[in-house]
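Engineer: I am attaching a structure below and will ask some questions about it afterwards.
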Amino acid sequence: MKKSFKEAFEEIYKIAKKHNVFKKKKLDVAIDLHDWLYYGNKNDFMVCKTKPQKGTTHCFRFATVNIVEGGSL
């Protein structure tokens with residue numbers, strides 16, 4: 001999994017660099033947290049506590065980070 005993530009990150013970095021995403025300018029950034037509910041052992045690796053919902057109080061939590069730009073889709 002780590003190898004796949006690293007390869008994907010490197011490819012995204014190349015594309016971003018090609019399109020001058022890293023110019024020295026201020027950027028608006030949106031960060032969202034997401035919970036994937038988890039029904040297994042609460043002591044498993046990277047399992048977090050969350051509010052009670054759908055029969056569990058545990059989840060995997062991850063964040064997405066996006067650069068916010070104006071314009072059409």
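Engineer: As I understand it, the value is the acute angle between the Cα axis of helix 2-18 and the longest principal axis of the Cα atoms of the chain; what does it come to in degrees, rounded to 10?
Structural biologist: 30
Engineer: Related question: If I model a spin label as a point 7 Å beyond the Cα along the Cα-Cβ vector, how far apart are those points for TYR39 and GLU10 in nm?
Structural biologist: 3.9
Engineer: Related question: In Å³ and rounded to a whole number, note down the convex hull volume per residue for the Cα atoms of the chain.
Structural biologist: It comes to 155 Å³ per residue, whole-number rounded.
Engineer: List the lysines whose Cα lies under 23 Å from the Cα of LYS54, skipping any in the same chain that are fewer than 8 positions away.
Structural biologist: Answer for LYS54, where 23 Å is the Cα cut-off: LYS42, listed by chain and number.
Engineer: Mind putting a number on the dipole of the chain about its Cα centre? Charges go on the C-beta only, +1 for Lys and Arg and -1 for Asp and Glu, and I need it in Debye to the nearest 20.
Structural biologist: For the chain, the charge dipole is close to 280 debye.
Engineer: Right, another one. R0 = 30 Å: FRET efficiency of ASN20 with MET46, Cβ-based, nearest 0.05?
Structural biologist: 0.30
Quick note: the coordinates plus some simple rules give every number you see, no bench work behind them. These numbers were taken from a predicted model, which means no experiment stands behind them. Positions of Cβ are backbone-derived with ideal geometry, glycine not excepted, and every protein chain shown enters the neighbour counts.
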